[in-house]
Amino acid sequence: MVESKEYSWRWVTADVLLSRRACELVYAKLTPATAAGLCIFYDGENANGEEIIQLETGGLYNCEFAPPKPIYCRRGLYVGTVTTVEGIFVQWREIPQGIGHED
């Protein structure tokens, strides 16, 4: 049996709250606008949440984050400190309410 999952995606160009509830960060790809680009992902609704990962590039190269398993974010998903980027492609999956997370 093949399980179908609904994924959300967004092209991010500034700090943004992507999810207000538990979700899984599946994939991200940063495309710099100049010789350097930076963004930080947080488990939470703002930059006060727990830092998950920083994506940074020191040249005109894309920076890809493709974990072998999705990263569980129990308090939401926020992308902050977005500087000198063309954009960041982000994929995540919200966890339906009432369903616990399986490790």
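The values are calculated or read from the model by the stated rules, or taken from the named source; none is laboratory data. Nothing here was measured: the structure is a model prediction, and the numbers come from that model. Quick reminder, even Gly has a Cβ in these numbers, built from the backbone with ideal geometry, and neighbours come from all protein chains shown.
Among residues of the stretch 32-45 that are under 16 Å from residue 75 (Cα atoms), those with a Cβ under 7 angstrom from a residue that is polar (S, T, N, Q), sequence gap 6+ or separate chain, pair up as 40/54; 40/81. Give the residue that is farthest from the chain's Cα centre (by Cα), with candidates limited to residues of the stretch 16-38 that are within 16 Å of residue 71 (Cβ to Cβ) and surrounded by fewer than 19 Cβ atoms within 10 Å (Cβ to Cβ). Checking each candidate, the answer is 21.
Among the residues making up the stretch 39-78, those that are buried (at least 17 other Cβ atoms within 10 Å of the Cβ) and farther than 18 Å from residue 19 by Cα are 55, 57, 63, 65. Whenever a residue of the stretch 80-99 is farther than 19 Å from residue 49 by Cα, its partners that are small (Gly, Ala, Ser) and assigned to a loop (DSSP other than H, G, I, E, B), lying with C-beta atoms within less than 7 angstrom and at least six residues away or across chains, give the pairs 84/33; 84/36; 85/33; 86/33. Tell me whether the stretch 66-74 contains one or more residues that are of a type in the set (A, V, I, L, M, F, W, C) and free of Cβ contacts under 8 Å to residues at least 40 places away in the same chain. The answer is yes; a qualifying residue exists.
One residue is enough: does the stretch 46-54 have a residue meeting the conditions β-branched (Val, Ile, Thr) and modelled with pLDDT of 95 or more? Yes - at least one qualifying residue is present in the stretch 46-54.
Listed by first and then second residue, the pairs linking a residue in the stretch 4-23 that is over 17 Å from residue 38 (Cα atoms) to a residue that is charged (D, E, K, R) and assigned to a loop (DSSP other than H, G, I, E, B), with Cβ atoms under 8 Å apart and 6 or more places separating them unless they lie on different chains, are 20/45; 22/74; 22/75.
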